[in-house]
Structure formats: structure tokens, C-alpha cells
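Participant: First, the structure itself, so that you have it in front of you.
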Amino acid sequence: MKFVVSLFIALFLVICQAIAANNYLEDVRTLGYVSGEGLACGASRYPSFELVARAYLVSSARSDKEQAEGMYAYNSAKARAYMNKRREGLLGCEEVNARFDRQKIFKAALYKNGKIKMPDGKVIKPRQEYDPRLLYNRKDDERSRLNAYYDKLQEKKKRQAQKEGIFKKIREEELKSQYR
């Protein structure tokens, strides 16, 4: 009986940890998506958002592995949102910027030791103290790097489409010549 109870408790703890990890990754993906749209639209408060979002990412992670997974999820979501917004031709940026600047995250307090006090009063303490100013370099020009990357991808797609178009024409000519 004791074995069954202890097995049940261990299983329950493992499930709770998995749920918490999924919540963390989902939160981080959401922050990344919002960050990508803000970056694409040139939101005025983007640098402040990025600093607090990265501090949340670092401070909320329960382990180095979870932090690495979170950073990957954050950056992937951010890049995806940026590329989608560029593909849409930056439509709706006025609305995005207006919503971006009114977010509750700007009411969060970020302390020198990496502790974050959220607008709802919840305090997030990091695993170990760090200087949050080192998380984000405000002089880094992410936008121009992502624009160059997006342009490079578009050029590659264009070349691929042209190449496929040429092969399609060659196949059509071969088929026509076989039936003559």
C-alpha cells in the first residue's frame, strides 16, 4: 500500500513539473511573438519590452536546460512573428504599436539582482542573481539584421521559383516533342 501511495505521489510530481514546463514555454513563446510584432512595426517601447521579457525568461526558468529551451522558443516565435508581419507588408502596425505600448508588462519592476515584481504583485526570483542590463544591448540593430535575413530568404525563394519555372518549361517542351 505504501509503495502504491509513494508511486502515485512521484507520478503526480512528475506530471506537475511537466505542466509547469509547458506553461513556461508557452509564456515565453507568447512573449516572443509579441516581441517580433513590436520589432517589425518599430514599436517605441520595444527595447523596454525586450529587457523585461528576457529577464522573465531567465528568472522564471527552473534550470539551465529549461532556460535554453525557453530562449530557443522565444527567439523562434519572435523571428516567425517578424517574418509574418513583413510578409503581410507591415499591415496594421498602427494598431499593433498602440496595443504594444499599453501592455501590463511595462508596469513590472525589474531590480538590479534580476528579481521581477509583476503588475499583479507576484515576485519572480531568479535561480541566481544577475545584472539584467546585460541581457539586452539596446544598440544592437536587430531590425536591420532581420530585414536582411528576410530579404535573403525572399531572394532564395524567387530564385527557386524561377528555377522550377525553367524546369517546368523544359519538361513541357520534352513532352511536346515526344508527341510530335
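The values are calculated or read from the model by the stated rules, or taken from the named source; none is laboratory data. Remember, predicted model here, so these are calculated numbers, not experimental data. Note: ideal-geometry Cβ built from the backbone for every residue, glycine included; neighbour counts use all protein chains shown. With ligands, DNA and RNA removed, areas are computed over all heavy atoms of the protein, side chains included. Shrake-Rupley method; radii C 1.70, N 1.55, O 1.52, S 1.80 Å.
Participant: Could you sort Y130, Y150 by their accessible area in this structure, using a 1.4 Å probe and putting the largest first? Don't jump to the answer; show the numbers that get you there.
Facilitator: Details: Y130 40, Y150 20 Å².
Ranked from most to least accessible, the order is Y130, Y150.
Participant: How long is the gain from E94 to T30 if the chain were fully straight, where each residue apart is worth 0.36 nm and the alpha carbon distance is subtracted?
Facilitator: 21.0 nm is the gain from fully extending E94 to T30.
Participant: Once the Cα gyration tensor of region 25-87 is found, what semi-axes does its equivalent ellipsoid get, as square roots of 5 times the eigenvalues, in whole Å, sorted largest first?
Facilitator: Working: eigenvalues 87, 34, 8 Å².
For region 25-87, the semi-axes come out at 21, 13, 6 Å.
Participant: Mind jotting down a quarter of the surface of the convex hull over the alpha carbons of region 76-180, in square nanometres, one decimal? Please report the intermediate quantities before stating the final value.
Facilitator: Numbers: hull surface 46.0 nm².
With the hull built on Cα positions only, its mean projection is 11.5 nm².
Participant: Let me ask you something else. Under a point spin-label approximation (7 Å from Cα along Cα-to-Cβ), what is the R133-R145 distance to one decimal in nm?
Facilitator: Taking the two extended label points, one gets 2.1 nm.
Participant: Sticking with this structure for a sec: Test of the criteria: in region 42-94, which trypsin sites (Lys or Arg not before Pro) are in a DSSP loop and have at most 16 other Cβ atoms within 10 angstrom of their Cβ?
Facilitator: Details: sites: R45, R54, R62, K65, K78, R80, K85, R86, R87; in loops: R45, R62.
Loop-located and lightly packed - R45, R62.
Participant: Please give the solvent-accessible surface of F106 in Å², to the nearest 10, using a probe radius of 1.4 Å with every protein chain present.
Facilitator: 40
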